Amino acid sequence: MTTYKYDHMHLRSRDPMATAQYFEKMFGAKILESVQTDGQSRIDIDINGLTIFLAKANENTPDGPTVPYVGLDHFGLQVDDIEKAASELKAKGAEFVAEPYQLRPGLKIAFVNVPGNIRVELLERE
């Protein structure tokens, strides 16, 4: 049987560099500029091994759907201390759509709204 493993996530943004800079500021991402196979520029970011490609959306590309919807809803980043992470992110200006809360024993979560209609879940697993 074929073995599958994570390679990258590909997002579109009206302003890829601004989106990359947000991830850099909030989550410590490293910004890497590259060129797609079609010759268009692309901004890549690396969050501790999580590779995300940020391509520029055309002017006529519609905004994403309203929450909830069918399809990619969010992606999650695990932290050791969610309250500390939330405090640090708020100090940097992050917008929380769900404050940290206990989802079930051993799991606390929160959601951050990232520019470009992107939601990031923070998870603290015990």
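Worth a mention:
- Filtered residue count, region 102-126, keeping only those that are assigned to a loop (DSSP other than H, G, I, E, B) and farther than 23 Å from Asp15 by Cβ: 3
- Positions within region 38-80 being of a type in the set (Ser, Thr, Tyr) and either assigned to a loop (DSSP other than H, G, I, E, B) or farther than 17 Å from Arg12 by Cα (or both), in sequence order: Thr61, Thr66, Tyr69
- A search for C-beta distances below 6 Å between a residue of region 46-67 that is surrounded by 11 or more Cβ atoms within 10 Å (Cβ to Cβ) and modelled with pLDDT of 80 or more and any residue that is among the charged types (D, E, K, R) and in a loop (DSSP other than H, G, I, E, B), counting only pairs 6+ apart in sequence or on different chains, returns Ala57/Arg14.
- Members of region 81-101 found to be more than 16 Å from the chain's Cα centre (by Cα), acidic (Asp, Glu) and either under 14 Å from Arg119 (Cα atoms) or part of a strand (DSSP E or B) (or both), listed by number: Glu99
- Pick from region 3-21, criterion closer than 7 Å to Leu54 by Cα and crowded, with 16+ Cβ neighbours inside 10 Å, ranking: modelled with the highest pLDDT: Pro16
The values are calculated or read from the model by the stated rules, or taken from the named source; none is laboratory data. Not measured: the values here are computed from a predicted model. So basically every Cβ, Gly included, is an ideal-geometry build from the backbone, and we count neighbours across all protein chains shown.
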